[in-house]
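The values are calculated or read from the model by the stated rules, or taken from the named source; none is laboratory data. All values derive from a computational prediction rather than experimental measurement. For neighbour counting, all protein chains shown are included, and Cβ atoms are generated from backbone atoms with ideal geometry for every residue, glycine included. In case anyone asks, the SASA skips ligands and DNA or RNA and just uses the protein heavy atoms, side chains included. Shrake-Rupley method; radii C 1.70, N 1.55, O 1.52, S 1.80 Å.
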Amino acid sequence: RNKYGLDIKLGAKIGVGLSISHYVGIVVADCCVIGDNFYIKQNVTIGVRKNDQEGKIYIGDNVEVGANSCIIGENLRIGSNVIIGAMTFVNKDIADNSVVYNKKEMSYI
């Protein structure tokens, strides 16, 4: 945590093939069960709704999480082969083979 600026709790279970683009600002809670070939970018939080939470966050194989995204929940399931776009907030289950992103409206001055 001190050297790279990321915090992956000891209780988190992560499969083989973890890939991190930029270490800064990454937080992975100890309630996470993450599959193989997980690709995560900077400033991503995967965490709990409340401190005494018993449910887990399940993430399948071959999942990519874009920069500045937040995954928060209890008994949350993200399927395999999922892409989560940058700046996306996830608090509901995501099916296998999905692409998820928050639609943003552009505003010009």
Leaving ligands and nucleic acids out of the surface, order THR88, THR45 by accessible area at 1.4 Å, largest first.
THR45, THR88
Can you spot the lysines whose alpha carbon is less than 22 Å from LYS41's alpha carbon? Ignore those fewer than 8 places along the same chain.
LYS3, LYS9, LYS13, LYS56, LYS92, LYS103, LYS104
Honestly the chain on the Cα gyration tensor test (a ≥ b ≥ c root eigenvalues; a/c under 1.5 rounded, otherwise a/b vs b/c for prolate or oblate) is just rounded
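ALA12: net charge of surrounding residues, Cβ under 15 Å, Lys/Arg +1, Asp/Glu -1, itself excluded?
Numbers: positive: ARG1, LYS9, LYS13, LYS56; negative: ASP7, ASP30, ASP36.
So the surrounding residues net to +1.
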Read phi for every residue in the stretch 37-53 and hand back ³J(HN,Hα) as whole Hz from Karplus 6.51 cos²θ - 1.76 cosθ + 1.60, θ = phi - 60°, with x for Gly and Pro.
6, 8, 10, 10, 10, 5, 6, 10, 10, 10, x, 8, 7, 8, 5, 9, 5
Taking amide H positions as placed in the peptide plane 1.01 Å from N, state which residues far from ASP7 in sequence (5 or more) or on other chains have amide H under 5 Å from it.
ILE26, VAL27, VAL28
